[in-house]
1. Output ³J(HN,Hα) for segment 11-25: one whole-Hz value per residue in order, computed from phi by the Karplus curve 6.51 cos²θ - 1.76 cosθ + 1.60 with θ = phi - 60°, and x for Gly and Pro.
2. Which cross-chain or sequence-distant (5 or more) residues have an amide H under 5 Å from the amide H of Asp51, H modelled 1.01 Å from N in plane?
3. Using a 1.4 angstrom probe on the protein heavy atoms only, line up Val39, Val15, Val53 by accessible area, largest first.
4. For every helix of n ≥ 4 consecutive DSSP H residues, a contribution of -39,500 (n - 2.57) applies; sum these over the chain, divide by its total residues, and give [θ] at 222 nm rounded to the nearest 500 deg cm²/dmol.
5. Please list 3J(HN,Hα) in residue order for segment 56-70, calculated via the Karplus relation 6.51 cos²θ - 1.76 cosθ + 1.60 where θ = phi - 60°; whole Hz, with x for glycine and proline.
6. Mind ranking Lys42, Lys48, Lys69 by accessible surface for me, highest first, 1.4 Å probe?
7. Quick check for you: with a 1.4 Å probe and neighbouring chains kept, what is the accessible area per residue of the chain, in Å²?
8. What ³J(HN,Hα) values, in whole Hz, does the Karplus curve 6.51 cos²θ - 1.76 cosθ + 1.60 give for segment 26-33 when θ = phi - 60°, with x put for Gly and Pro?
Amino acid sequence: MNNADLTTMMYGTVVNSNPMQIQIEKLIIPSSKIVVPSVFAKVGISLKTGDKVLLLRQHGGQLFFVLDKV
């Protein structure tokens, strides 16, 4: 891969917390493609419906890593 963007930062909104679903523009990402760090639970950060999150999208859009709540 020459000069390909392997990841992309994006913002999303939690539309369902159980199971986790995050909306980016018109796309709703299912929980099977979302990775929430275990440190969130350790420090008491919970994601609720309506929360805005910063995401890192893996190349190809197969996984979305939640980086922070904004």
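1. Per-residue couplings from phi come out as 9, x, 10, 5, 9, 7, 9, 8, x, 4, 9, 10, 9, 10, 6 Hz.
2. Distant-sequence amide H within range of Asp51: Val14.
3. On the way: Val39 75, Val15 50, Val53 0 Å².
So the residues, ranked largest to smallest area, are Val39, Val15, Val53.
4. Details: 1 runs with 4 residues, N = 70.
Calculated at 222 nm, the ellipticity per residue is -1000 deg cm²/dmol.
5. My calculation for segment 56-70 gives 10, 8, 5, 3, x, x, 7, 9, 10, 9, 7, 8, 6, 9, 10 Hz in order.
6. On the way: Lys42 165, Lys48 105, Lys69 75 Å².
Order by accessible area, largest first: Lys42, Lys48, Lys69.
7. Values: 4790 Å² over 70 residues.
Averaged over the residues of the chain, the accessible area is 68 Å².
8. 9, 8, 9, 8, x, 4, 5, 10
The values are calculated or read from the model by the stated rules, or taken from the named source; none is laboratory data. Keep in mind the model is a prediction, meaning the values are calculated, not measured. Cβ atoms come from the backbone with ideal geometry, glycine included; neighbour counts cover every protein chain shown. Ligands, DNA and RNA are excluded from the accessible area calculation, which covers all protein heavy atoms including side chains. Shrake-Rupley method; radii C 1.70, N 1.55, O 1.52, S 1.80 Å.
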